[in-house]
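See below for the structure under consideration.
The values are calculated or read from the model by the stated rules, or taken from the named source; none is laboratory data. The model shown is predicted, which means the values in this text are computed figures rather than measured ones. Every residue, glycine among them, receives a Cβ derived from its backbone with ideal geometry; neighbour counts consider all protein chains shown.
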Amino acid sequence: MSDLRTEKNHAVHEINNRLFFRLFQVANTLHTKGTQAIEAFGVTTQQWSVLGALSRPQAADGMSVGDLSRFLLVSRQNLSGVLSRLERDGLVERATSEADRRSRKVKLSAQGEALWLQLQDPIHQFYDAALKDLSFDDRLAFIHYFKKLQTNMSKL
C-alpha cells in the first residue's frame with residue numbers, strides 16, 4: 001500500500017510541476033507574442049493591462065493606485081513606473097478625487113482612450129488566434145479554473 005501511495009504522490013507532484021511550468025511558459029509567451037501584437041503602437045503588455053483596467057466602465061471616474069494595484073495583482077512599486085511612463089506619454093492622468101480631495105485617482109486621458117480604441121482590433125485578433133482551438137465552453141472552463149488557482153494562491 002505504501003508503494004502505491006508513494007507512486008501516486010510522485011505522479012501528483014509531477015503533474016503539479018508540469019502544470020506550473022506550462023503556466024510559466026504561457027505567461028512568457030503572452031508577454032512576447034502580446035508585445036508583438038501591439039508593438040506598432042509603442043505599448044508594452046504591462047501598459048496594455050493598465051489601459052485595459054482603466055478602460056472598464058467601473059473605472060470611468062478613475063481608480064486609486066492601490067485599487068489598481070489590487071485589481072491587476074501587481075505591487076504598487078511595479079505599477080508606479082508603468083503609470084509614470086503612461087502619464088509622461090499623455091495616456092493617463094492623475095486627478096484629485098471628487099469624493100475625497102486628499103486622494104488622487106488615475107484615469108485614462110482622451111489620448112489614452114483613443115489609443116485603447118485603436119488597440120482593440122490587434123488585441124482581439126491576438127486573442128482569437130491564441131484561443132482558436134478552444135471552444136466557448138473550454139474558454140469558460142479556463143476562466144473557472146484560473147480563478148480557482150488564483151484564489152488558492154492568494155491564500156498562501
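Tabulated results
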{"read-out": "Count of residues meeting criterion [in a helix (DSSP H, G or I) and out of contact with any strand residue (DSSP E or B) (no Cβ under 7 Å at 6 or more places or on another chain)] in segment 102-141", "value": "25"}
{"read-out": "Verdict on L119 being more than 22 Å from N28 (Cα to Cα), in contact (Cβ under 8 Å) with a residue 24 or more places away in the chain and either in contact with a helix residue (DSSP H, G or I) (Cβ under 8 Å, 6 or more places away or on another chain) or not basic (K, R) (or both)", "value": "no"}
{"read-out": "Search result, residues across segment 48-99 that are of a type in the set (A, V, I, L, M, F, W, C) and over 17 Å from the mean Cα position of the chain (by Cα)", "value": "A60, L91, V92, A95, A99"}
{"read-out": "Residue check, L51 under 24 Å from L30 (Cβ atoms), in a helix (DSSP H, G or I), free of Cβ contacts under 8 Å to residues at least 60 places away in the same chain and in contact with a Leu (Cβ under 8 Å, 6 or more places away or on another chain)", "value": "no"}
{"read-out": "Some residue of segment 98-110 being out of contact with any Leu (no Cβ under 6 Å at 6 or more places or on another chain), among the small types (G, A, S), within 17 Å of L30 (Cα to Cα) and surrounded by 10 or more Cβ atoms within 10 Å (Cβ to Cβ)", "value": "no"}
{"read-out": "Within segment 73-96, considering residues that are outside any helix (DSSP H, G or I) and acidic (D, E), the one farthest from F41 (Cα to Cα)", "value": "E93"}
{"read-out": "Candidates G90, G52, G81, G34 - the one that is at positive phi and surrounded by 10 or more Cβ atoms within 10 Å (Cβ to Cβ)", "value": "G90"}
{"read-out": "Verdict on L86 being under 15 Å from G52 (Cα atoms), touching a residue at least 24 places away in the same chain (Cβ under 8 Å) and touching a Phe, Trp or Tyr at 6+ places or on another chain (Cβ under 7 Å)", "value": "no"}
{"read-out": "Pair list, Cβ < 9 Å and 6+ apart or interchain, from segment 32-46 residues that are at pLDDT below 85 to residues that are surrounded by fewer than 14 Cβ atoms within 10 Å (Cβ to Cβ) and not in a helix (DSSP H, G or I)", "value": "none"}
{"read-out": "Selection within segment 56-72 - in a helix (DSSP H, G or I) and crowded, with 18+ Cβ neighbours inside 10 Å", "value": "A59, L68, S69"}
{"read-out": "Which listed residue is farther than 21 Å from T32 by Cα and either touching a Phe, Trp or Tyr at 6+ places or on another chain (Cβ under 9 Å) or free of Cβ contacts under 8 Å to residues at least 24 places away in the same chain (or both), from F146, F136", "value": "F136"}
